[in-house]
Amino acid sequence: MSISPADIIRLMQRPRAGSSSPGKLLKRLGLTRESADELEAHLAVLEAAGVVHRRRDGSVALRKGGNFVTGALDVTRKGVGFLRQDDADALDIYLGRGGLGAALDGDQVVVEQIGRAHV
């Protein structure tokens, strides 16, 4: 089974999730020890992006105050994107050309929503 950074974020956003050791994350994600390297690679990317941080005991926690949203990216012909949130009841999030980074159409992504939504 393959996982994505979005899978990790969704798990860590659950109520009372708190910090977790990588081993506990593997177990909660239903993965075996063979997936430990893949998990660590995703955690390194999330840590470099400032989404998660490692504690002294080696556990991982979401950065406090961040409003992280996960979903599939839909890029238009004009080069702008819309994040189709995993929560089917949530509105899509517009991402301008500068907000796409290296993401491609159809990628599962994690974005930090800043400010208010315009309705």
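The values are calculated or read from the model by the stated rules, or taken from the named source; none is laboratory data. What you see is a predicted model; the values in this text were computed from it and never measured. When we count neighbours, we look across all protein chains shown, and the Cβ atoms used for this are built from the backbone with ideal geometry, even at glycine. To get the accessible areas, we keep the full protein, side chains included, count just its heavy atoms, and leave off ligands, DNA and RNA. Shrake-Rupley method; radii C 1.70, N 1.55, O 1.52, S 1.80 Å.
Overview of results
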quantity: ³J(HN,Hα), Karplus 6.51/-1.76/1.60, whole Hz, each residue of the range 68-83, x for Gly, Pro; calculated: 8, 10, 10, x, 9, 8, 10, 9, 8, 5, 7, x, 9, x, 10, 8
quantity: Environment charge at ARG84 (Cβ cut-off 9 Å; Lys +1, Arg +1, Asp -1, Glu -1); calculated: -3
quantity: Alpha carbon convex hull of the range 22-88, volume per residue in cubic angstrom; calculated: 136
quantity: Whole-percent carbon and sulfur share, accessible surface of the chain, 1.4 Å; calculated: 51
quantity: Percentage of interatomic Cα-Cα distances in the chain larger than 25 Å; calculated: 25
quantity: Semi-axis lengths (Å, descending) of the ellipsoid that matches the C-alpha gyration tensor of the range 50-119; calculated: 25, 14, 11
quantity: Accessible area per residue, Å², the chain with all protein chains present, probe 1.4 Å; calculated: 66
quantity: C-alpha long axis of helix 36-48 to longest principal axis of the chain, angle in °; calculated: 50
quantity: Rough spin-label spacing in nm, given labels placed 7 Å along Cα→Cβ, for ALA44 and THR76; calculated: 3.7
quantity: Computed over the range 9-52, Kirkwood Rh from alpha-carbon pairs, angstrom; calculated: 10.9
